[in-house]
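First up is the structure itself, then whatever we jot down about it.
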């Protein structure tokens, strides 16, 4: 995949299906083709990453979660162009997760119940500031890329953060808290 295509994907924020071809300078055909097939992950790895990202940023009443924002596609595209050491780190992280799931629950991650998946995420996030195990060390890049992908998507920026862009403010009222009054 060409770097220009990756930049187009990032710029499009994976919101391309909601745009009509005339409203964007970006050609939507290659974006949709890339989004339909994983570039780095296998299909089963992609499904695991999609579920993990949704556990990190689940949907709520204000916005869709990481899955709706296509964060797993973002991670897949970024890793397809990443260094071999970053790719190896992710492959080993997913293998470690698989081994942990089989050791604890005798099933792969996507074969676990919701409670078991939550237990695995809790185990991964344990000691987040000072990870001690391989599964805990894998959580840091997983969480970082989940956040990056989510908050560069339409769902993360507009629905969750409610960002409306640069708008002129006619009058700034200042702080209205009584304890800060003038």
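Some observations on this one:
- Candidate set: segment 60-77, residues that are under 19 Å from residue 157 (Cα atoms) and not in a loop (DSSP other than H, G, I, E, B); chosen: the one nearest to the chain's Cα centre (by Cα): 71
- With respect to the stated conditions, residue 152 is modelled with pLDDT of 80 or more, in a loop (DSSP other than H, G, I, E, B) and more than 19 Å from residue 94 (Cβ to Cβ).
- Every residue from segment 52-64 that is closer than 14 Å to residue 145 by Cα and in contact (Cβ under 8 Å) with a residue 24 or more places away in the chain: 52, 53, 55, 56, 57
- Checking each residue in segment 136-153 for being touching a residue at least 40 places away in the same chain (Cβ under 8 Å) and either more than 19 Å from the chain's Cα centre (by Cα) or crowded, with 19+ Cβ neighbours inside 10 Å (or both) picks out 138, 142, 145, 146, 149, 150, 153.
- Qualifying residues in segment 94-129 (those that are part of a loop (DSSP other than H, G, I, E, B) and out of contact with any helix residue (DSSP H, G or I) (no Cβ under 9 Å at 6 or more places or on another chain)) - the one surrounded by the most Cβ atoms within 10 Å (Cβ to Cβ): 106
The values are calculated or read from the model by the stated rules, or taken from the named source; none is laboratory data. Source: prediction; values computed, not measured. Backbone-built Cβ (ideal geometry, glycine too); neighbour counts: all protein chains shown.
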